[in-house]
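*Asks:* This is the structure I want to talk about, given as structure tokens.
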Amino acid sequence: MSNLKDRLEQAKTNVRNAENAKTIAETQKASAEQQLEEVIAKMAEEGVTPETISEEIVKLETKISEDLGKVERLIPQDV
């Protein structure tokens with residue numbers, strides 16, 4: 001009988017632990033969703049979307065590289 005009681009108590013403990021883990025996961029999910037919404041809103045302020053951000057990054061990297069090349073050409077090399 002004691003073995004059954006122990007097993008039942010262990011099962012109850014496991015259920016409580018699982019419920020706590022679920023609550024934590026739900027809270028973390030809600031936080032992540034809120035952060036995602038904030039990032040998407042900031043992206044929209046900058047005129048990009050999750051679908052266009054990669055293309056925009058490539059454009060910016062190209063522009064930076066071009067501008068850096070211009071700056072490097074303006075700096076005397078034999079000083």
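The values are calculated or read from the model by the stated rules, or taken from the named source; none is laboratory data. Only a predicted model underlies this, so the values are computations on that prediction, with no experimental measurement involved. Heads up, the Cβs are rebuilt from the backbone with ideal geometry, glycines too, and the neighbour counts pull from every protein chain shown. Please note that ligands, DNA and RNA were not included when accessible areas were found on the heavy atoms of the full protein model with its side chains. Shrake-Rupley method; radii C 1.70, N 1.55, O 1.52, S 1.80 Å.
*Asks:* Taking the residues in the range 54-79 that are over 30 Å from Leu36 (Cβ atoms) and either touching a His at 6+ places or on another chain (Cβ under 9 Å) or of a type in the set (Val, Ile, Thr) (or both) as candidates, determine which candidate is least open to solvent (accessible area, probe 1.4 Å).
*Replies:* Val71
*Asks:* Would you check if Gln35 is of a type outside the set (A, V, I, L, M, F, W, C), within 30 Å of Ile53 (Cβ to Cβ) and open to solvent by 80 Å² or more (accessible area, probe 1.4 Å)?
*Replies:* Yes.
*Asks:* Take the range 39-53 and flag every residue that is surrounded by 10 or more Cβ atoms within 10 Å (Cβ to Cβ), assigned to a helix (DSSP H, G or I) and not hydrophobic (A, V, I, L, M, F, W, C).
*Replies:* Lys42
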